[in-house]
């Protein structure tokens with residue numbers, strides 16, 4: 001005789017993600033030494049080209065602790081931390097949601113060219 005299979009419960013506390021359009025939009029601001037960037041091109045693996053709000057184009061890399069959590073595509077806004085020894089490379093540490101794009105523009109964290117490009 002087989003045991004009855006328990007169904008997974010998806011609800012308020014069990015893995016339910018907040019929806020993008022609900023409530024007011026809060027935007028995480030970059031700390032000192034961090035920049036907001038726009039992913040221009042994916043190179044494969046965990047590497048990509050990121051255009052930062054300071055005007056530089058950097059080679060971005062997703063560190064191992066964020067690799068499975070961050071799914072990135074061209075056109076996504078991210079927070080990057082430049083490497084100490086090489087300013088042309090940076091680590092991607094946070095991804096903004098799609099509905100936060102206009103809030104970033106209002107806060108003055110991204111240029112109009114970056115927003116209109118994607």
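Since every read-out is calculated from the coordinates, none of them should be taken as a lab result. Computed from a predicted model, the values in this text were never measured in an experiment. In this analysis, Cβ positions are derived from the backbone assuming ideal geometry, glycine residues included, and neighbour counts consider all displayed protein chains.
Annotations for the structure displayed:
- Residue order, fewest to most surrounding Cβ atoms within 10 angstrom, among 83, 71: 71, 83
- Efficiency of FRET between residue 29 and residue 86 - r from beta-carbon atoms, R0 25 angstrom, step 0.05: 0.50
- With the simple spin-label model, which puts each label point 7 Å out from Cα in the Cβ direction, the residue 67 to residue 54 separation comes to 2.7 nm.
- For 43, 66, order by how many other beta-carbon atoms lie within 10 Å, fewest first: 43, 66
- Which of 38, 104, 72 has the fewest Cβ neighbours within 10 Å, and the rest in rising order: 72, 104, 38
- Model label sites at residue 94 and residue 6, defined 7 Å from Cα along the beta-carbon direction, differ in position by 3.6 nm.
- Potential extension, residue 103-residue 41 segment - 0.36 nm per residue separation minus Cα distance: 20.0 nm
- log10 of Debye I(q)/I(0), alpha-carbon scatterers only, for region 35-111 at 0.15 Å⁻¹: -0.45
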